[in-house]
Amino acid sequence: MFVIESPIGPLGLVVDGPAVVGVRFAARPGPSTDHPAAEQLRAYFAGELTDFTVPFDMRGGSEFERAVWAEIARIPYGETITYGAIATALGDPGAARAVGTACNHNPIPVIVPCHRVVGAGNKMVGFGGGLDRKRILLELEAAVALQRAWGLT
């Protein structure tokens with residue numbers, strides 16, 4: 001596991017060749033890397049990257065979790081969607097809590113942006129990395145999206 005520093009604390013980056021297979025919050029100090037995923041994460045946190053292109057491999061998870069992760073991967077930068085909306089998109093409007101559990105099991109947070117999933121009424125609830133990290137990520141994306149929309153970058 002490689003470690004990169006970020007505004008949300010040290011992130012552990014687990015790779016298998018070119019593919020990212022894991023991102024871990026609160027990683028212990030360890031070796032750093034120039035892997036393309038680390039470069040893209042650094043660019044993301046600097047507000048320079050809005051779409052990750054590094055390959056990733058979502059390992060494990062149930063069929064339902066994998067379907068949730070695929071939906072999450074499609075959420076545009078700077079936007080949010082509710083747990084209920086994802087459940088509805090998957091054909092089970094009553095499965096919002098199960099969507100939340102699947103988000104919590106996301107092995108590649110930030111790159112597969114589970115922080116963009118919010119509660120009913122756009123309330124900031126639930127995040128495997130903690131609500132402080134979720135807030136920082138959402139605020140970063142909102143600021144960058146506004147700067148780009150206003151032509152300030």
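The values are calculated or read from the model by the stated rules, or taken from the named source; none is laboratory data. Please read these numbers as outputs of a predicted model, since none were measured by experiment. Counting neighbours? That spans all protein chains shown, and the Cβs are built from the backbone with ideal geometry, glycine included. In case anyone asks, the SASA skips ligands and DNA or RNA and just uses the protein heavy atoms, side chains included. Shrake-Rupley method; radii C 1.70, N 1.55, O 1.52, S 1.80 Å.
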Scanning for something open to solvent by 10 Å² or more (accessible area, probe 1.4 Å), under 14 Å from TRP69 (Cβ atoms) and touching a Phe, Trp or Tyr at 6+ places or on another chain (Cβ under 6 Å), does segment 110-124 turn up at least one residue?
yes
Might you let me know whether segment 139-148 holds any residue that is open to solvent by 30 Å² or more (accessible area, probe 1.4 Å), at pLDDT 95 or above and over 24 Å from SER6 (Cα atoms)?
no
Apart from one, (1) touching a residue at least 12 places away in the same chain (Cβ under 8 Å); (2) open to solvent by less than 70 Å² (accessible area, probe 1.4 Å); (3) within 27 Å of GLU39 (Cα to Cα); (4) not aliphatic (A, V, I, L, M) all hold for GLU79; the odd one out is (2)
Every residue from segment 26-39 that is open to solvent by 30 Å² or more (accessible area, probe 1.4 Å) and either of a type in the set (A, V, I, L, M, F, W, C) or in contact (Cβ under 8 Å) with a residue 12 or more places away in the chain (or both):
ALA26, ARG28, PRO29, GLY30, PRO31, SER32, PRO36
Meets criteria (in contact (Cβ under 8 Å) with a residue 12 or more places away in the chain, open to solvent by 40 Å² or more (accessible area, probe 1.4 Å) and over 19 Å from LEU13 (Cβ atoms)) for ARG97
yes
For segment 39-63, how many residues are assigned to a helix (DSSP H, G or I) and touching an Asp or Glu at 6+ places or on another chain (Cβ under 7 Å)?
0
Going by the conditions given, is ARG133 part of a helix (DSSP H, G or I), over 25 Å from VAL15 (Cβ atoms) and either of a type in the set (Asp, Glu) or open to solvent by 40 Å² or more (accessible area, probe 1.4 Å) (or both)?
no
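Yes or no, residue by residue, for (1) modelled with pLDDT of 95 or more; (2) in a loop (DSSP other than H, G, I, E, B):
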| position | (1), (2) |
| --- | --- |
| GLU65 | yes, no |
| ALA70 | yes, no |
| GLU79 | yes, yes |
| VAL99 | yes, no |
| PHE127 | no, yes |
Output the residue which, of all residues in segment 136-153 that are assigned to a helix (DSSP H, G or I) and among the small types (Gly, Ala, Ser), is nearest to the chain's Cα centre (by Cα).
ALA142
